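The values are calculated or read from the model by the stated rules, or taken from the named source; none is laboratory data. Values in this document were obtained by computation on a predicted structure and should not be read as measured data. Neighbour counts are summed over all protein chains in view; Cβ atoms, including those assigned to glycine, are modelled from backbone coordinates with ideal geometry. What goes into the accessible areas is simple: the full protein's heavy atoms, side chains included, and nothing from ligands, DNA or RNA. Shrake-Rupley method; radii C 1.70, N 1.55, O 1.52, S 1.80 Å.
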Amino acid sequence: MSNKILDTLNDAQTKAASHIDGPLLILAGAGSGKTKTITTRLAYLISLGIDPASILTLTFTNKAATEMRERAFKLIDNMSYPPLLCTFHKFGLLFLKFHISKLGRKNNFVIIDTDDKKRILRNIDKTTTTSVLAHEISKYKNSLITPSDAKATAQQTLYIQIANVYEKYENYLEENNLVDFDDLLLLTYRLLEKDKELALETSQKYKYIMVDEYQDTNELQFKLLQKLCSQHNNLCVVGDDDQSIYGWRGATIKNILNFDQNFNDVLVVKLEENYRSTDTILKHANLLIEHNRDRLGKKLVGTKAQGNNLKLYESHDENTETRKICDDIRNLIDSGVHAANIAILFRVNALSRSLEEGLVKSGINYRLIGGMKFYERAEIKDLIAFFRVITNPNDNFSLKRIVNKPKRGIGKTTIDKLEAESIKIGKSMYKIMEEYQPEELAQIVGKKNSRTLKVFCASIADLQESLETTKMKFIDNFEDTFDFKSSFLNTVDGEDRIANIDEFYGYLRDFFLKDLSLNLDDFLNEVSLASDQDDLENGAISLMSIHASKGLEYQHLFVIGMEEGFFPLTGDGNDIEEERRLGYVAITRAMDELTLSFVHSRFYKGRRTALVKSRFLTESGLIKGSLTIEKSTQFKKGDVVKHKIFGMGRIEAVSKAGREFKLNINFGGNNRDILSNFIEKV
C-alpha cells in the first residue's frame, strides 16, 4: 500500500515523500509539484502505521489547508481519524483553548478582528493614524518585542507614542479577555517558553511536523516551530527561497536559507522538474534569478515542449502599451482562447488604471484579483466626489462623502443635522452652508463647525474660479487648498494610495491636454463610463499585482511596467533581491506564452516622466548584457535591530558603502553608521 502511494512521483519527489525521521528541507521550484509531494508524504507516513494524531501539518491559508487535506485523504484508505492539518493561527487557537489558563487567562477568550482592533486603538489614541498603530503593534508582536521593550528602544516622538499605546492596548486586551490575531501565535509561544513541561509534552505529542510555504515564515513562527520539534527534530519544511516575496509584511528569508544551520543533519531535496511552463519561459526565469546572491541555488528543468520565444513590447507611453496588449487579447479570444486563461500582471497597483480604461474601450471583460478596481479605491472615489462637488455643489451625496476629508472635525452628527435642514427647507446642503449667515449656521451645527464649513465653501468657490481661468493649474490649486495627498503620508498603505492619486491627476492633466475645450464635467462623465464595466467573472481576463499572482498560472501572460522604478521598485527600503524574486514569480506564472512590456514614459507622481527599461530584461536574457551579481541587504528603514555593544536600535536610513550596506541606526538617541554585517534583526 505505502509504495503504491509513491507511484505517481518523480525521483526527487519520491525521495522527499518517503523520508521519515530527521529534518527535511524540500526546496520546491515553481510548478514542481510541491503540494503533491507534501500531501503524498502525509499519506505515506499514515500508511506506515504512524499515528495520525502525532502528525501536524501547518499552512498559511485555509484554502491551502483544505486543498491539502482533500488530496491527502484521497490517497489513504481506512483512516481511523484524520491528522491535524490547519493554518498556524488555527493551531494557536486550539492550543490556547486548552492551555491559556496557565497564563492566568480564561479559556473563553474572544478573538478580535482587524476592525475591532482599530476601534480599540482609536479609543486609546485619537491623534495617531490608527492603521500605523495597528501595523507597528503587529510588527512588535511578531518580532517578540514586549511593550516594555518597545518603550525602552523608542526615541522619536511617533515611536514613543506607539509604544505607550501598545502598553495600554495590551492591558485592555487582558482586562477584557480578548486576543488579537497575532496573539494566537505569540501567547502560544510564551506558554511553551514559560512551561518547560508543557513544551516537552507538546513536542512529544506532535512527532512529525510539516510546514508549507516555509519561505513566508516570520521570526515568531520560526521560534514556535523550534519549540514544537525540540524533542525529535522531525520537521519537514517545503518552500522556495526564490519565491520569498513577503519581506514587507514580516516574512524573513533567512528561515529557509539557514534551515540547515538551525537544525542538525538536514536532508535537502530539490524539486527542479517543472510541469507548468515551456522550456523557453524557464530559461529566462533561471537566468534572472541567478543574479541573486542570497539563495540556496536550483535550476528549473522543463518537462514540456520548448515553446515560443518570449515577446518584448517597447512603447512610447502607457496608452500605446495598453492598445498593443488589448489587440493581442482580442485576437486570442477571437481565436478561441478562453478569457480565464489570460492574465496581466503589474508590480505597482496604480498601473492598472490605463489598462482598465483600455480593456473597457476594447470591450474586454476583466476582473481585478486581490484588490479593488482603480475607480473603486477609496482615495479615487473621494477625489471623484470632490470634483463632482466643484462642478455641482448641490450634489448632497458627494458632499457628504468629502466634507470631512481630509479630517476637519465635521462628524456624522453635524452632517445629519445639515441634511435634515436640507430636506426641511428644500435646499442643498451646500446652499445652506453658503447662504446662511455664520450665526444662523452655528444654530444648526455649532459655532466652531460653522466657521469650518464657511471656509470649506470658500475653498470650493476658489477652485471653481481657478478652473475657469486655467485648467492646467487646477490640480496644483486643489492640492494647495485641501492638501489631499498629504493626508495619506503616515498611513501604512500611504505610498500605494499616493501613487493612485498621482495616476488619477496625471490622467486628468492628459485629458485636458488633448482638448482644452473639454471641462471637468466631461472628464467625470468619461470616468463614469470607464468605471461602469460589468464584472463578468465567466469570460473575464484577470488583472492583478505580482504579489496576488503567487500560486496561480495562466496559458497567456502579460507583464507590464518593466521599467526601472516600477519593476524593480527602487528607493529607500526596497530590497533588489526581493524585487528580483518577484520577477521570477511573475515569469513562472506563464504556461505557454509570455509577453513583457516597457514604455519610454508614464504619468508618475502627477507628471509625465521619462523612464529606462528594467534591468530585469537584461538579466533574464531578453536584451543583451552581462551577468552582474549584486550584494543585497535584508535591512530596511524602520527595522528594529541589535548590535552586540550598542544594544537595540531602529534603522533610520540604508545606503550603499562599497560592496556592503551602511545602516544609520538610532540607539537610544545616538545615531551611528554601522555596516550591516555587524547587525542582526530583532
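Couple of notes before you dig in:
- Protein heavy-atom surface of the chain, 1.4 angstrom probe: 48% of the accessible area is carbon and sulfur, with nucleic acids and ligands not counted.
- Residue-normalised accessible area of the chain, expressed per residue, 1.4 Å probe, Å²: 45 Å²
- Theoretical ellipticity at 222 nm over the chain - DSSP helices of four or more residues, -39500 (n - 2.57) apiece, nearest 500: -14000 deg cm²/dmol
- Of interest is the spacing of the C-alpha centroids, which for region 451-515 and region 57-121 amounts to 46 Å.
- Cut-off under 5 Å, modelled amide H: who pairs with residue 274 long-range: 301, 302, 303
- Rounded to whole Hz, the Karplus (6.51, -1.76, 1.60) HN-Hα couplings of region 125-138, x for glycine and proline: 9, 8, 8, 8, 4, 4, 5, 5, 4, 4, 5, 5, 5, 4
- 3J(HN,Hα) from dihedral phi, region 204-210, Karplus parametrisation 6.51/-1.76/1.60, rounded to Hz, x for glycine, proline: 6, 5, 9, 7, 10, 10, 10
- For residue 617, the shell of other residues with beta-carbons less than 11 Å away shows a net charge of -1, using +1 for Lys and Arg and -1 for Asp and Glu.
- Amide H contacts of residue 87: 59, each under 5 Å away and 5 or more positions distant or on a separate chain (H built 1.01 Å from N in the peptide plane; Pro and chain starts excluded).
- For the chain, the extents of the C-alpha atoms along the principal axes are 84, 65, 57 Å, listed from largest to smallest.
- The chain: angle of helix 183-194 to the longest principal axis, Cα-based, in degrees nearest 10: 40 degrees
- Within region 506-520: backbone nitrogen closer than 19 Å to the residue 480 label point (7 Å, Cα to C-beta): 506, 509
- Once the Cα atoms are used to define both axes, helix 520-530 deviates from the longest principal axis of the chain by about 30 degrees.
- Loop-located trypsin sites (Lys or Arg not before Pro) across region 248-351 with a Cβ neighbour count of 12 or fewer within 10 Å are 293, with loop assigned by DSSP.
- Charge context of residue 458, other residues only, Cβ under 12 angstrom, K/R +1, D/E -1: -1
- Within straight-line cross-link reach of residue 485, lysines at Cα separation under 20 Å, skipping those fewer than 8 residues along the same chain: 373, 381, 400, 405, 407, 471, 473, 605
- Eligible lysines near residue 270 by straight Cα distance, threshold 20 Å, same-chain separation 8 or greater: 15, 34, 36, 254, 283, 298, 299, 304, 550
- Taken one residue at a time, the phi angles of region 246-259 give Karplus couplings (6.51, -1.76, 1.60, θ = phi - 60°) of 10, x, 5, 10, x, 5, 10, 5, 5, 4, 7, 5, 9, 4 Hz. Gly and Pro are set to x.
- Under 5 Å between amide hydrogens, built in the peptide plane, is the criterion, and for residue 639 it picks out 651 among residues at least 5 positions away or on other chains.
- Computed on protein heavy atoms with a 1.4 Å probe, the accessible areas place 89, 316 in the order 316, 89, largest first.
- Farthest toward positive dipole pole in the chain [+1 Lys/Arg, -1 Asp/Glu at C-beta], among 517, 82, 591: 82
- Top positive-direction residue, dipole computed over the chain with Cβ charges, set 612, 574, 263: 263
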